[in-house]
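Worksheet for the structure shown next.
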Amino acid sequence: MGSTSFQAPTGTRDFYPIELARRRYIERAWRAVSVRHGFEEIDGPTFESIDLYKAKSGEGIVSEIFHVHSGKDERSRAGAEQGGAREAPFALRPEFTPTLARMYASRAAQLPRPCKWFWQQSCFRAERPQRGRLREFMQWNCDIIGDGSPAADAEAIGVCVGLLEELGLTPEHVKVRFNHRGALAAVVSRLGVDEQHMPAAFVLLDRRDRLSDDDLEAMAFEFGITSFDFLRLLKRPRNAQGIDAMAAALPAEVARDAEALLEPLRTVESHLAGSGVGPWCSLDLNVARGLAYYTGMVFEVHEISGAMRAVAGGGRYDNLIETFGGPATPAVGFGMGDVVLSLVLQDKGLMPGDREIARALGLRPDVQVISNGSPESDALVPAVVGELRRAGVHARRSYKATKNIGKLLKEAADADARYAVIIESASEVTVKNLDDGTQVKAPRADLRAHLSPAR
Ligand code: HAM
């Protein structure tokens with residue numbers, strides 16, 4: 001019979017035990033930091049009505065949607081008959097924010113304000129896979145719903161920074177760059193870009209780091225943006241950061257009013273300083289964000305050299321819940337992916353070794369049970385392992401044929417077991433502490449008393 005070999009689809013990952021342990025290490029930190037900051041976990045479906053994303057997320061993300069057909073409904077059948085996925089009724093979730101807004105909108109009357117929710121699951125985007133960019137990735141979201149204050153903006157950024165700190169990152173490694181869509185829109189409109197072209201202007205500003213001046217200019221003309229002043233702002237030196245540098249980049253007639261226009265940014269900046277995360281954050285006019293629903297403060301976390309895609313991104317979206325049929329409800333939050341975060345941790349030498357990760361996750365074996373090589377002891381191994389496991393002890397045994405105790409002890413040490421228990425007879429065991437090398441002989445009946453609880 002012939003055989004066919006299969007590979008995981010492009011842009012997806014298989015997680016063997018070590019890789020899954022590394023992912024769990026990150027997920028554990030996400031959950032711990034969320035809980036510490038007072039967020040409660042929620043979840044929603046893996047696929048949603050495609051219209052949920054078409055409503056407000058913007059062209060960028062809609063063009064990356066994985067279409068889902070149930071094969072049972074009319075719209076699905078029609079789409080399949082046309083040989084295309086265009087009319088799929090469902091989409092694999094490319095992000096969580098629309099689901100969260102839909103969930104809040106449908107129970108707004110019963111839910112508290114503010115509502116602080118976190119979520120961590122996989123997302124799917126049909127992007128061209130490259131370093132830091134996959135088609136299936138884990139994402140962590142924290143959102144504060146029902147609080148429109150700049151203090152909530154700073155709190156959202158504060159959780160994100162809390163996670164970075166939890167994993168050993170510092171402002172030397174990563175930077176939070178923030179901006180304000182309101183301020184940006186005010187400046188950009190003063191430069192002659194009308195309301196209709198504003199989303200395109202945000203896209204250009206969002207891509208400024210990745211494109212050359214010529215490409216930016218070509219794209220601007222393609223979008224129908226002809227304002228010379230806006231082009232000048234787009235093409236200003238890439239290293240111009242900070243509120244004052246931004247003000248200096250404005251044409252004279254706008255610069256005169258710069259302080260008033262930049263007022264929302266000053267407010268965000270002072271709240272960030274007040275909440276102790278000031279050293280992590282800097283204003284950056286380039287941060288416009290690709291998603292269409294943001295209305296106020298926006299931010300992204302980047303590795304300091306800016307070489308990779310963002311580790312995290314978010315902002316304020318005050319109209320989304322209302323768009324989905326709920327009452328007017330302000331909201332702010334962010335999403336962080338596991339892919340770029342893992343790369344940054346690895347590049348900075350901050351991803352712990354496999355043994356430390358296993359220990360941190362509580363996967364360290366308590367005991368490796370070893371026979372002293374006599375037939376009587378060999379036969380007792382399953383019974384001793386079984387007794388320990390029933391008592392809640394993480395007990396392992398060797399599956400090797402060797403009777404060499406030295407080799408078996410080495411196997412126990414390689415497995416990072418805390419103790420090796422050598423069965424000497426039906427009634428006696430040797431308990432060897434593999435951390436400090438001490439060992440005692442003990443009656444088998446007293447074995448558990450010789451095992452200290454795992455720390
Ligand atoms: P986003 O900027 O599209 O925002 O995604 C957030 C993070 O998810 C990115 O910074 C990146 O780390 C990760 N990510 C996105 N796409 C990929 C990909 N193809 N491969 C690997 N990682 C990826 C949102 O999704 C918003 N819904 C976040 C939000 C929550 N805003 C408010 N609340």
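Please treat every number below as a calculation from the coordinates, not as lab data. In this text the structure is predicted, and so the values were computed from the model without any measurement. Every residue, glycine among them, receives a Cβ derived from its backbone with ideal geometry; neighbour counts consider all protein chains shown.
The table for this structure:
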quantity: Radius of gyration, Dmax [region 156-226; alpha carbons; angstrom]; calculated: 16.3, 46
quantity: Charge-dipole axis of region 176-223 as Lys and Arg at +1 and Asp and Glu at -1 on Cβ define it, positive-most pick from A220, N179, L205; calculated: N179
quantity: Simple Cβ-charge dipole of the chain, Lys/Arg +1 and Asp/Glu -1, about Cα centre, in debye nearest 20; calculated: 1440 debye
quantity: Residues of type lysines that K441 reaches as a straight line, Cα spacing below 17 Å, ignoring anything fewer than 8 places off in the same chain; calculated: K432
quantity: Karplus (6.51, -1.76, 1.60) ³J(HN,Hα), θ = phi - 60°, over region 395-404, in Hz, Gly and Pro reported as x; calculated: 10, 10, 9, 7, 10, 7, 7, 4, 10, 6
quantity: Residue exposure sequence - R236, R316 - by fewest surrounding Cβ within 10 Å; calculated: R236, R316
quantity: Which of M351, M308 has the fewest Cβ neighbours within 10 Å, and the rest in rising order; calculated: M308, M351
quantity: Cβ-Cβ FRET estimate between K410 and D347, R0 fixed at 30 Å, reported to 0.05; calculated: 0.35
quantity: Kirkwood estimate for region 390-442, i.e. one over the average of 1/r between Cα atoms, Å; calculated: 11.9 Å
quantity: Karplus (6.51, -1.76, 1.60) ³J(HN,Hα), θ = phi - 60°, over region 182-195, in Hz, Gly and Pro reported as x; calculated: x, 5, 4, 5, 5, 5, 5, 6, 5, 8, x, 9, 7, 3
quantity: Computed over the chain: relative contact order in percent, which uses C-alpha pairs under 8 Å that are six or more apart; calculated: 15 percent
quantity: Between helix 263-274 and the chain: long-axis angle, C-alpha atoms, 0 to 90°, nearest 10; calculated: 30 degrees
quantity: I370 long-range amide H proximity, modeled H, under 5 Å; calculated: V421, I422, I423
quantity: Acute angle (nearest 10 degrees) that the helix 338-347 long axis makes with the longest principal axis of the chain, alpha-carbon atoms; calculated: 70 degrees
quantity: Region 125-187 - Debye-derived log10 I(q)/I(0), Cα point model, q = 0.13, 0.25, 0.27 Å⁻¹; calculated: -0.58, -1.09, -1.10
quantity: Rg/Rh (Cα only; Kirkwood hydrodynamic radius) as it applies to the chain; calculated: 1.10
quantity: Packing-based exposure ordering (other Cβ within 10 Å, fewest first) of S5, S377, S149; calculated: S5, S149, S377
quantity: Rounded to 10°, Cα long-axis angle of helix 198-207 versus longest principal axis of the chain; calculated: 50 degrees
quantity: Amide H within-cut-off set for L211, under 5 Å, with H built and near neighbours excluded; calculated: none
quantity: Magnitude of the charge dipole, region 297-455, Cβ model with Lys/Arg +1 and Asp/Glu -1, debye to 20; calculated: 560 debye
quantity: Most to least packed among 332-339, 20-27 [average Cβ atoms within 10 Å]; calculated: 332-339, 20-27
